[in-house]
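Reading through the structure tokens given below for one structure.
The values are calculated or read from the model by the stated rules, or taken from the named source; none is laboratory data. Because the structure is predicted, anything quoted here is derived from the model rather than measured. Note that each Cβ is placed from the backbone with ideal geometry, even for glycine, and that neighbours are counted across all protein chains shown. Please note that ligands, DNA and RNA were not included when accessible areas were found on the heavy atoms of the full protein model with its side chains. Shrake-Rupley method; radii C 1.70, N 1.55, O 1.52, S 1.80 Å.
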Amino acid sequence: MGKLVDLAGQRFGKWLVLSKGESDSKGARWNCKCECGTKRLVRSDGLREGKSKSCGCTREGNVIHGHNRNSGRSPTYQSWRHMLRRCDDPNHRQYHLYGGRGVSVCEAWRDFSRFLLDMGERPEGRTLDRIDSNGNYDPGNCRWSTPKEQANNMSRNRIIEYNGRKQTMSQWADELGIKYVTLNCRMHRGWSVERALKTK
């Protein structure tokens with residue numbers, strides 16, 4: 001038997017070899033971690049000969065950790081697919097607001113497993129939101145937001161500055177106890193910011 005080659009720290013496909021594992025009758029096995037977070041023992045020949053490149057999380061048509069099911073796709077998976085379509089598909093009804101104006105998806109997030117690892121499961125009642133509405137979809141610029149948070153973050157929102165603070169019209173209305181439609185109407189009529197915000 002030849003000398004064992006230490007594979008710890010090496011990458012094989014989506015596998016990162018963490019350490020030497022317990023061997024079996026067929027040879028050496030290694031503790032590996034897939035990019036999606038799954039950990040598993042993988043045999044040396046599987047890694048070195050390319051027989052095993054991942055835990056199976058991204059095989060075409062395969063179940064992706066329960067998210068791409070025959071009975072339907074999970075909310076997290078749907079958010080990921082819609083994100084890609086908005087940026088990549090010129091026929092998508094919202095393409096002009098995303099891909100059409102230069103918004104793109106980072107290369108890592110074209111793999112659902114990596115998106116899931118970075119963002120986690122989509123919480124109930126929340127949707128995928130970019131913190132900088134002019135920025136791209138990447139780990140540093142995305143969060144799961146409530147509809148209200150997302151509405152306040154839209155690029156077309158009107159920002160009002162008053163007493164050195166900037167907020168959307170909706171945020172000012174909430175803070176001051178004014179109905180949004182009332183505040184919006186006042187601004188469209190040409191009221192000054194101070195009058196619009198201070199009039200009860």
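For segment 171-189, state whether one or more residues are of a type in the set (A, V, I, L, M) and open to solvent by 70 Å² or more (accessible area, probe 1.4 Å).
yes
Could you go through segment 144-158 and let me know if any residue there is modelled with pLDDT of 75 or more and open to solvent by 60 Å² or more (accessible area, probe 1.4 Å).
No, there is no match, as no residue in segment 144-158 is modelled with pLDDT of 75 or more and open to solvent by 60 Å² or more (accessible area, probe 1.4 Å).
For segment 89-200, give me every one of the helices (runs of 4 or more DSSP H) that falls completely inside it and has 1 or more residues that are over 11 Å from the mean Cα position of the chain (by Cα) and of a type in the set (Val, Ile, Thr).
Values: elements: 112-119, 147-152, 169-176, 180-188, 193-198.
Ranges flagged: 180-188, 193-198.
Do you know which of the residues in segment 33-43 that are of a type outside the set (Asp, Glu) and in a loop (DSSP other than H, G, I, E, B) is farthest from Leu116 (Cα to Cα)?
Once the filter is applied, the top-ranked residue is Thr38.
Among the candidates Ser52, Ser71, which residue alone is open to solvent by 50 Å² or more (accessible area, probe 1.4 Å), over 21 Å from Tyr137 (Cα atoms) and either of a type in the set (Gly, Ala, Ser) or modelled with pLDDT of 90 or more (or both)?
Ser71
Given the options Tyr137, Tyr95, name the one that is hydroxyl-bearing (Ser, Thr, Tyr) and open to solvent by 50 Å² or more (accessible area, probe 1.4 Å).
Only one candidate passes the filter, namely Tyr95.
Looking at the structure I just gave you, is Met119 in contact with a strand residue (DSSP E or B) (Cβ under 6 Å, 6 or more places away or on another chain), modelled with pLDDT of 80 or more and under 30 Å from Ser54 (Cα atoms)? Don't jump to the end; show me each part of the working.
Details: in contact with a strand residue (DSSP E or B) (Cβ under 6 Å, 6 or more places away or on another chain): no; modelled with pLDDT of 80 or more: yes; under 30 Å from Ser54 (Cα atoms): yes.
In short, no.
Look through segment 98-134, keep the residues that are among the aliphatic types (A, V, I, L, M) and open to solvent by less than 50 Å² (accessible area, probe 1.4 Å), and return whichever of them is farthest from Tyr77 (Cα to Cα). Walk me through how you get there before you give the answer.
Within segment 98-134, the subset among the aliphatic types (A, V, I, L, M) is 103, 105, 108, 116-117, 119, 128, 131.
Filter once more, keeping what is open to solvent by less than 50 Å² (accessible area, probe 1.4 Å): 103, 105, 108, 116, 119, 128.
On the way: Val103: 20, Val105: 15, Ala108: 15, Leu116: 8, Met119: 11, Leu128: 11 Å.
Going through the qualifying residues, I end up with Val103.
Please find, within segment 6-32, the residue that is surrounded by the fewest Cβ atoms within 10 Å (Cβ to Cβ) out of those that are in contact (Cβ under 8 Å) with a residue 40 or more places away in the chain and assigned to a loop (DSSP other than H, G, I, E, B).
Gly13
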